[in-house]
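Every number here is computed from the coordinates shown, using simple stated rules; none is lab data. Please read these numbers as outputs of a predicted model, since none were measured by experiment. Counting neighbours? That spans all protein chains shown, and the Cβs are built from the backbone with ideal geometry, glycine included.
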């Protein structure tokens, strides 16, 4: 068992990594190429699914364009070379990168590279905070983090004492500042589960992948390759090993509403009170 070390950087609570302070300063100043696509989220909001979806779509786009050297990572390379912004060293940020590279991050909005707000496309994922809490609890527990009981973990999560700070504050910040930004697409985990083909179609349109077919066969194929069962079977073992998970697997359930199996009536009432107090002025108040 171990505890996640945290630091406060520029007013934001984030996990501590070796060399993180040096890296964060470099990240803020990164001269990001315009075609780098960012996937941002609080942890456990569907980042793996979105990253894989985008890579499949970019691969298909290049093939439609006749580019035989797609330079898009295949499934195995993608998983073992996870382009995670928090872990990118200065030399990686400075070196030439693949066209339309996809980078994921759980960093707060204010700590992202300054230049990305000029031209880069950003897909921001959001998930029900109740399901997020349950998923994050199991994920950290499987990695050997001393999370305590679910009741103890939920209390810390609700109070904004988790590794990445307050879910409420992070999502409110994104919604307040970026909901009108045409270069930012908000997409919910629940949307992806309930309408998978429409979710893929929305990503295609947002990324201006105009050469891709939008017929049912193509969309269904993408949905099949990025379904929870497919990712669990194809990618789960690699991710589980790569993330040094001691028990369980990276892909656990992938369900909507799993929180109902964990929250007591009192916990649900208290959480709802906090949620609506924080989110009452946003559309998020009726989303979950």
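Quote the FRET efficiency, to the nearest 0.05, computed for residue 227 versus residue 152 with a Förster distance R0 of 22 Å and r equal to the Cβ-Cβ distance.
Once rounded, the FRET efficiency stands at 0.05.
How much length is gained on full extension from residue 161 to residue 183, taking 0.36 nm per residue of separation minus their Cα-Cα distance?
4.9 nm
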